[in-house]
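*Asks:* Here it is: the structure, laid out below.
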2 protein chains.
Amino acid sequence: MPTFVVIAHTATTDPSFSLDDLAGGAGRLDVLCRCVNAAFFLSHDLRRDVRLHLVIRGDVTLTLEGSSLRRVAPDERNIASHLRSGLAAAGEAVGHQSVESGPGIHASRLTLEEVLADVDGAIVRLHEGGGAITEREPSPGSTFVLSDHRDVTSDEERFLREAVDERVSVGPRPLHADHAITIAHNYLDTEGFRRY
Amino acid sequence: MPTFVVIAHTATTDPSFSLDDLAGGAGRLDVLCRCVNAAFFLSHDLRRDVRLHLVIRGDVTLTLEGSSLRRVAPDERNIASHLRSGLAAAGEAVGHQSVESGPGIHASRLTLEEVLADVDGAIVRLHEGGGAITEREPSPGSTFVLSDHRDVTSDEERFLREAVDERVSVGPRPLHADHAITIAHNYLDTEGFRRY
């Protein structure tokens, strides 16, 4: 099962933000909404075999499970309303205990280190400086880690150098995080862009 | 230069819609916003060599030119505000004359037939029933035609059968229109997923 981990640097963890201001007052929460869209949505269906962790400011992690997601629409505003409920629930999360804010959406205080310590399969960093995905051939069981619209911090960079099995690029142009997720899915869907 | 043509069936052409209700009252204008995002946005940059036509209900066509787009942000709400200005300008468009509503955004009354009559290069329909993109190998000069979240009408289907040079699929799973655009770009960026 592919897992995606998005390291979010600017999105708010305060659930009082306005749905009318996702790209402003909510600290570019729109970027994370698009990552949710790319990770889960198929035409009139959801990818049930996907997990997504949004690690926000090292403070709150929202984990979405395709197997149990319900009533999520693909638009940014609807997704943001679900993430807002998750952020509100995070206030009750203590230690490694997560709180379910809605079907398939769990809020926790897990750090990036803790999230990655708990995954199966290879940890693959999606990064424009990595080797071509067609050469590195990540498996569907991989955990794909990527940053939002900001570069990772120097602390995150140091940690990732230790934790990541390989760095993989999905193309020669610097892409938005959600576009990289879409392409990674397509790579897996088509068995390495070769067969379908 | 790749051109994308999205056939939109439910989005409103009435510019009085609320930016708070893109997926409802605006008739799933959110779908078109995400197509604009996928067609043009790179990380901290825009694809300048792209043109996108949104053919809305056979009534209004909004044409976006990457070469001259300005002040467009990647979030659905911001893109919708630009499309709304385009729809407002469409009221002044007569015959084949288009009206520029902002840098790089033109509103016209062109029909799907008229849009496709005016393109250079092959007309490629992105469709899940088409041949694999890796087999059909569309060129960067192609015009890629695809539908929004609805199937094309029987009239559109009849017309497309005549007008389209080939049908191409970007993968085995039915995808959202914007995800298909992202993958088509990636195919072109990587010279057929082979080199980068």
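*Asks:* May I ask you to order A:162-174, B:69-81, A:54-66 by the average number of other C-beta atoms within 10 Å around their residues, highest value first? Show your work: numbers first, answer last.
*Replies:* On the way: A:162-174: 17.8, B:69-81: 19.5, A:54-66: 21.8.
Top of the packing list down: A:54-66, B:69-81, A:162-174.
*Asks:* Let me ask another. Need one number: buried accessible surface between chains B and A, 1.4 Å probe, both sides summed, DNA, RNA and ligands left out, in Å² to 100. Don't skip to the answer; put the middle values down first.
*Replies:* Numbers: alone 9600 and 9620 Å², together 15800 Å².
That pair hides around 3400 Å² of surface in total.
*Asks:* How high is the relative contact order of chain B, in percent, counting Cα pairs under 8 Å that sit 6 or more residues apart? Before the final figure, lay out the partial values.
*Replies:* Values: 386 pairs, mean separation 46.9, N = 196.
Answer for chain B is 24 percent.
*Asks:* How big is segment A:1-87 by the Kirkwood estimate over distinct Cα pairs, in Å? Show your work: numbers first, answer last.
*Replies:* On the way: mean 1/r = 0.0779 Å⁻¹.
Computed over segment A:1-87, the radius equals 12.8 Å.
*Asks:* Of the accessible area of chain B, with the probe set at 1.4 angstrom, what percent is carbon plus sulfur?
*Replies:* Values: 3380 of 7890 Å².
Looking at chain B in its full context, I get 43 percent from C and S.
*Asks:* Now a separate question. Would you kindly work out, in nm and rounded to one decimal, the distances from the label point of residue B:129 to those of the same position in each other copy, ordered shortest first, with label points 7 Å along Cα-to-Cβ?
*Replies:* For residue B:129, the other copies' label points sit at 4.8 nm, shortest first.
*Asks:* Counting only Cα atoms, I'd like the Rg/Rh figure for the protein assembly as shown, Kirkwood definition for Rh. Spell out each step's value before the answer.
*Replies:* Details: Rg = 20.5 Å, Rh = 21.3 Å.
When Rh is taken as the Kirkwood radius, the ratio is 0.96.
*Asks:* Something else about it: Based on alpha-carbon centroids, what's the gap between segment A:89-161 and segment B:100-153 in Å, whole number please?
*Replies:* Cα centroid to Cα centroid, the span is 36 Å.
*Asks:* Give me a comma-separated list of calculated 3J(HN,Hα) values for segment A:116-126, in order, Karplus coefficients 6.51, -1.76, 1.60 applied at θ = phi - 60°, integers in Hz, x for any Gly or Pro.
*Replies:* Along segment A:116-126, the couplings run 6, 5, 9, 9, 8, x, 6, 9, 10, 8, 7 Hz.
*Asks:* By what distance, in whole Å, do the Cα atoms of segment B:135-191 stretch along each of the three principal axes, largest value first?
*Replies:* 35, 22, 17 Å, listed from the longest principal axis down.
*Asks:* May I ask what percent, to the nearest 5, of DSSP beta bridges between residues of the protein assembly as shown are antiparallel? Each step should come with its number before you reach the end.
*Replies:* Values: 30 of 68 bridges.
Just about 45 percent of them are antiparallel.
*Asks:* Where the label is 7 Å out from Cα toward Cβ, how close does residue B:48 come to the same position in every other copy, in nm, shortest first?
*Replies:* For residue B:48, the inter-copy label distances come out at 4.8 nm.
*Asks:* Can I ask one more? What average count of beta carbons from other chains do you get within 10 Å of the Cβ of residues in B:148-161? Walk me through the intermediate numbers first.
*Replies:* Numbers: counts 0, 3, 0, 0, 0, 0, 0, 0, 0, 0, 0, 0, 0, 0.
Counting other chains' Cβ atoms within 10 Å and averaging over B:148-161 gives 0.
*Asks:* From the label point of residue A:67, set 7 Å along Cα to the beta carbon, how far off in nm is each other copy's matching point, shortest first?
*Replies:* 5.2
*Asks:* Another question, then. Can you compute the equivalent ellipsoid semi-axes for chain A, i.e. the square root of 5 times each eigenvalue of the Cα gyration tensor, sorted largest first and rounded to whole Å? Numbers along the way, then the final one.
*Replies:* On the way: eigenvalues 124, 70, 52 Å².
That gives 25, 19, 16 Å for the three semi-axes.
*Asks:* If each DSSP helix of 4+ residues adds -39,500 (n - 2.57) and the sum is divided by the residues in chain A, what number results at 222 nm, nearest 500 deg cm²/dmol?
*Replies:* Values: 6 runs with 60 residues, N = 196.
Counting only the DSSP helices, I get -9000 deg cm²/dmol.
*Asks:* Still on this model: Specify the residue with the greatest mean-square fluctuation among A:16, A:98, A:142, computed from a Gaussian network of chain A linking alpha-carbon atoms under 10 Å apart.
*Replies:* A:16
*Asks:* Mind pulling the per residue volume of the convex hull built on the Cα atoms of segment A:81-196? Å³ is fine. Don't skip to the answer; put the middle values down first.
*Replies:* Details: hull volume 15.7 nm³, N = 116.
Expressed per residue, the convex hull around the Cα atoms of segment A:81-196 is 135 Å³.
*Asks:* In peptide B:18-29, how many Cβ atoms from other protein chains are near each Cβ within 10 Å, on average?
*Replies:* Values: counts 1, 2, 3, 2, 4, 6, 4, 0, 0, 0, 3, 1.
Across the residues of B:18-29, the mean count of other-chain Cβ atoms within 10 Å is 2.
*Asks:* Could I ask something else about it? Residues with amide H under 5 Å of residue B:60's amide H, sequence separation 5 or more or different chain, H placed in the peptide plane at 1.01 Å from N; which?
*Replies:* For residue B:60, whose amide H was placed from the backbone, there are no distant partners under 5 Å.
*Asks:* Now a separate question. On the first, second and third principal axes, largest extent first, how far apart are the outermost C-alpha atoms of segment B:69-137 in Å?
*Replies:* 42, 32, 19
*Asks:* Right, something else. Starting with the highest mean, order B:105-115, B:32-42 by the number of other Cβ atoms within 10 Å, averaged over the residues of each peptide. Please list the in-between numbers first.
*Replies:* Numbers: B:105-115: 19.8, B:32-42: 25.3.
Ranking, from highest mean packing down: B:32-42, B:105-115.
*Asks:* For A:175-188, what's the mean count of beta carbons from other chains sitting within 10 Å of each residue's beta carbon? Working shown, then result.
*Replies:* On the way: counts 7, 8, 1, 8, 12, 3, 2, 10, 9, 0, 5, 13, 4, 1.
Taking the mean over all residues of the peptide, I get 6.
*Asks:* Give me the accessible area per residue for segment A:1-97, probe 1.4 Å, as a whole number in Å².
*Replies:* Details: 3400 Å² over 97 residues.
Using a 1.4 Å probe on heavy atoms only, each residue of segment A:1-97 averages 35 Å².
The values are calculated or read from the model by the stated rules, or taken from the named source; none is laboratory data. Just so we're clear, the structure is a prediction, and the values are computed from it rather than from any experiment. With ideal geometry, Cβ positions are generated from the backbone for all residues, glycine too; neighbour counts draw on all protein chains shown. Ligands, DNA and RNA are excluded from the accessible area calculation, which covers all protein heavy atoms including side chains. Shrake-Rupley method; radii C 1.70, N 1.55, O 1.52, S 1.80 Å.
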